[in-house]
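Worksheet: the structure to be examined is printed underneath.
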């Protein structure tokens, strides 16, 4: 089963009238608030500048396809702070009355990362933390009550490792918070995986994750044999936690999308899996961009049994794909019962 891409993709493009988003918009977080019949979107955006500072923009929609954005950024980097390089790739969950947002950031702006141009503004002290020396990406946490004002809380990943694609489960499991991540250095000798993979950890506090993470999934198929990472916040179903992830292949370096089911009470246990990828780069807006060959989901929501999957395409625009949610769950359960995943 493949996700059905919206015929009018992309649904959000760079805005030439706004300098902070006139080059690219991508990798959105989306929350559907049923009581308001509103889709709230926070998206990564950057302008055509040498340093390529990255911001979060805000847009909303009533139908999930036509989004209307505000003129100013919703969340900006603190140029003198640890997230000074930019705020990117957000994910949203809701805990009680509060929306929590994980976002990736680095101390220095990445520059035009799709080119080989030098980054002369990265000039750390000779003696300094690893994340500063290497301009590692860390993951930070913020929250909002209304998508109008936001509070940054600080980093939630170990600064010694480049760690993005961090996703918090939308409710406690056995009284504890659960978090998925992808520390890039956790691979090879001394680790249970050959390539960057998906790890899971638990905590009694949203900010402190000192307990040793455990390996959840290492890519096994050809399209995920270079690296894997979490994509969208898990969705609780009667079958288990529905979880969308991405894989990158050694063959063509393309990003593709898969899905799995995790046990409700023990999400370390994978109980079902799509037999093949459910989305891959096909169209020009996915194959020709600042990263050629990229579909990168970062949000999934349910409305009227339709699964909406929002993704960045080619590191340049925002798109959406859909499917019948019950159908994809039944397919995963089928392969689970057949032992074929």
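Note on residue 127 and residue 94: the extension gain reaches 7.9 nm, defined as 0.36 nm multiplied by sequence separation minus the Cα-Cα distance. Taking packing as the residue-averaged number of other Cβ atoms within 10 angstrom, the listed peptides 309-316, 189-196 run from highest to lowest as 309-316, 189-196.
By the Stokes-Einstein formula, at 1.306 mPa s and 10 °C, the range 256-299 with its Kirkwood radius over alpha-carbon pairs has D equal to 130 µm²/s. The distance from the alpha carbon centre of the range 1-72 to that of the range 218-243 is 23 Å, rounded to a whole number. Under 11 Å from a label point set 7 Å out along the Cα-to-Cβ vector of residue 134, the amide N atoms of the range 166-209 belong to 183-187. Just check the range 183-314 against the gyration tensor rule for me: Cα atoms, a ≥ b ≥ c as the square roots of the eigenvalues, rounded for a/c under 1.5, and otherwise prolate or oblate depending on whether a/b exceeds b/c. It is oblate, given that a/c is not under 1.5 and a/b is not larger than b/c. Only helices enter this figure: runs of n ≥ 4 DSSP H residues, each worth -39500 (n - 2.57), summed and divided by the residues of the chain, yield -2000 deg cm²/dmol at 222 nm to the nearest 500.
Gain in length, residue 72 to residue 333, computed as 0.36 nm per residue apart minus the alpha-carbon separation, to one decimal in nm?
Values: separation 261, 0.36 × 261 = 93.96 nm, distance 4.40 nm.
Gain on extension, residue 72 to residue 333, equals 89.6 nm.
Shape class of the range 222-279 from the alpha-carbon gyration tensor: prolate, with a/c at 1.5 or above and a/b greater than b/c. Spin-label model, residue 206/residue 145: points 7 Å from Cα along the beta carbon direction are separated by 1.3 nm. Each residue, residue 36 and residue 184, gets one label point 7 Å from its Cα in the Cβ direction; the gap between the two is 3.5 nm. Per-residue packing, averaged as other Cβ atoms within 10 Å, sorts the ranges 116-127, 8-19 into the order 8-19, 116-127, beginning with the highest. Take the alpha carbon gyration tensor of the range 15-338, find the square roots of its eigenvalues, order them as a ≥ b ≥ c, and report rounded if a/c is under 1.5; if not, report prolate when a/b exceeds b/c, else oblate. Rounded is the answer for the range 15-338, as its axis ratio a/c remains below 1.5.
Express in nm, to one decimal, how much length is gained between residue 265 and residue 303 on full extension, taking 0.36 nm for each residue of separation and deducting their alpha carbon distance.
Answer, rounded to one decimal: 11.2 nm.
Here the contact order of the chain, divided by its residue count and restricted to Cα pairs under 8 Å and six or more residues apart, works out to 15 percent.
Modelled spin-label separation between residue 62 and residue 8, with each label point placed 7 Å from Cα along the Cα-to-Cβ direction: 1.4 nm.
Taken together, the values in this text are just the output of simple stated rules run on the coordinates, not laboratory data. No experiment lies behind these values; they were computed from the predicted model shown. In this analysis, Cβ positions are derived from the backbone assuming ideal geometry, glycine residues included, and neighbour counts consider all displayed protein chains.
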